[in-house]
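Structure record follows, encoded as structure tokens.
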Amino acid sequence: MTAEGRQAPHLTERQEARRRRILQASARLAGRGGFDAVQMREVAEAAEVALGTLYRYFPSKVHLLVATMQDQLDGLHSTLRRRPPAGDTAAERVAETLMRAFRALQREPQLADAMVRALIFADRGVSAEVEAVSRQTTAIILDAMGQERPTPEQLAAVRVIEHTWHSALITWLSGRASIDQVRTDIETACRLVT
């Protein structure tokens, strides 16, 4: 969906391949130098697309990095479907899922920082992209819970878990929380699903 609520046009196979190259270039640049390293001209060059083409897909660096986060979450979701989280309870599975996501982000802290900054900087013009990230995060958590039809209370718990996860990520990236603190906060929030 676009910011105005219209359905985004379906991409052809060639357009999707171009979009994929752009997202991969964005992730590589962010992984090497964080938010500031993602310059639209350099992304276009690395993706082998014209700068105007890049702007047609992503009107700003924030749009691009939020889309990069969604792409990273898509990859995580695919991995989790192939290798579901362990745990006897929904809370344990959700905590394991989010800690796996966190460990993946730990391996690329510059990329994590760039994507989180983009989410923080996102204004209403990026709301469709931010909503897509939120929907994907919700889907990942619901899959870990084993819930296809969550109750309103469960959806509220998922929102709190999402907020806790994002906050824990921000405090870790800023050096204000240890990995153990992040784990404790995530595990505490995940108990809401039981």
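Applying the criteria of a DSSP loop state and at most 11 other Cβ atoms within 10 Å to the GluC sites (Glu not before Pro) of the range 1-90 yields Glu4, Glu48. Spin-label pair Glu48-Arg103: with each label point 7 Å from Cα along the Cα-Cβ axis, the two points sit 3.5 nm from one another. With only the Cα atoms considered, the range 24-90 has a convex hull volume of 113 Å³ per residue.
Extension gain for Thr138-Asp123 works out to 3.3 nm (0.36 nm per residue, less the C-alpha to C-alpha distance). If you roll a 1.4 Å probe over the range 20-143 with all protein chains in place, what percent of the accessible area is carbon or sulfur? After summing per-atom areas, the C and S share lands at 48 percent. Of interest is the spacing of the C-alpha centroids, which for the range 142-171 and the range 80-129 amounts to 11 Å. In a DSSP loop and with at most 15 other Cβ atoms within 10 Å, the GluC sites (Glu not before Pro) in the range 105-194 are Glu148. Electrostatic bookkeeping for Arg14 treats Lys and Arg as +1 and Asp and Glu as -1; over the other residues with beta carbon under 15 Å from its beta carbon, the sum is +2.
Here the chain is treated with +1 on each Lys and Arg Cβ and -1 on each Asp and Glu Cβ, and its dipole about the Cα centre works out to around 420 debye. Heavy-atom accessible area for Thr53, with the other protein chains in place and a 1.4 Å probe, reaches approximately 20 Å². For the range 93-187, the fraction of alpha-carbon pairs lying more than 23 Å apart is 25 percent, rounded to a whole number.
Give, as a single signed number, the net charge of other residues whose beta carbon lies under 11 Å from the beta carbon of Arg103, with Lys and Arg counted +1 and Asp and Glu -1. Local charge sum for Arg103: +1.
Consider the candidate values (i) 17.4; (ii) 19.2; (iii) 18.8; state which one is Kirkwood radius over Cα pairs in Å computed from the structure displayed. Of the listed options (i) 17.4; (ii) 19.2; (iii) 18.8, (i) comes from this structure.
The values are calculated or read from the model by the stated rules, or taken from the named source; none is laboratory data. Owing to the predicted nature of the structure, the values given are computational and were not obtained by experimental measurement. Don't worry about glycine lacking a Cβ; one is built from the backbone with ideal geometry, like all the others, and counts go over all protein chains shown. For the accessible areas, the whole protein counts, side chains as well, though only heavy atoms, and no ligand, DNA or RNA atoms are used. Shrake-Rupley method; radii C 1.70, N 1.55, O 1.52, S 1.80 Å.
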